[in-house]
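The values are calculated or read from the model by the stated rules, or taken from the named source; none is laboratory data. Computed from a predicted structure; not experimentally measured. Cβ coordinates were reconstructed from backbone atoms using ideal geometry, including for glycine residues, and neighbour counts include every protein chain displayed.
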Amino acid sequence: MSQDTPPTHAKPDATSELAGCETCLHTGGQWVHLRKCLTCGHVGCCDSSDGRHATRHFHDTGHALMTSAEPGESWRWSYVDETYV
């Protein structure tokens, strides 16, 4: 593997350009803000969105840490501790 090739287990960069909430894009839903799972990179919508897909992803998978996927935001949230980390 060259130095320019990331390892296959690397998580997607939270600042990379995102198309939108993965579930909303599939179902035709709309989102307010995007959140990104720090375990697997899944992109879901925030709790202000009708689908609340980021929280649903936590309940479905147990992946407890997420970050904002909004430009200029760098905070992280723990669903288990219900606090910013």
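Of the residues that sit in the stretch 74-84 and are exposed (fewer than 13 other Cβ atoms within 10 Å of the Cβ) and of a type outside the set (Gly, Ala, Ser), which one is farthest from GLN30 (Cα to Cα)? Spell out how you get there, then give the answer.
Quick first cut of the stretch 74-84, residues exposed (fewer than 13 other Cβ atoms within 10 Å of the Cβ) only: 74-75, 80-84.
Still in the running and of a type outside the set (Gly, Ala, Ser): 75, 80-84.
On the way: TRP75: 23, VAL80: 26, ASP81: 28, GLU82: 25, THR83: 26, TYR84: 25 Å.
The extreme case among them is ASP81.
Quick check: is even one residue across the stretch 50-63 crowded, with 18+ Cβ neighbours inside 10 Å, over 13 Å from the mean Cα position of the chain (by Cα) and either at pLDDT 95 or above or not in a loop (DSSP other than H, G, I, E, B) (or both)? Looking through the stretch 50-63, at least one residue is crowded, with 18+ Cβ neighbours inside 10 Å, over 13 Å from the mean Cα position of the chain (by Cα) and either at pLDDT 95 or above or not in a loop (DSSP other than H, G, I, E, B) (or both). Mind telling me which of the residues GLY20, GLY44 ends up being at pLDDT 95 or above, part of a strand (DSSP E or B) and small (Gly, Ala, Ser)? Within the list GLY20, GLY44, the selection yields GLY44.
Taking the stated definitions as given, is SER2 surrounded by fewer than 11 Cβ atoms within 10 Å (Cβ to Cβ) and at pLDDT below 95? Steps first, please.
On the way: surrounded by fewer than 11 Cβ atoms within 10 Å (Cβ to Cβ): yes; at pLDDT below 95: yes.
Yes: the conditions hold for SER2.
The C-beta contact set for the stretch 13-35 (first residue on the phi > 0 side of the Ramachandran plot, second residue modelled with pLDDT under 95, distance under 6 angstrom, 6+ apart or interchain) is empty.
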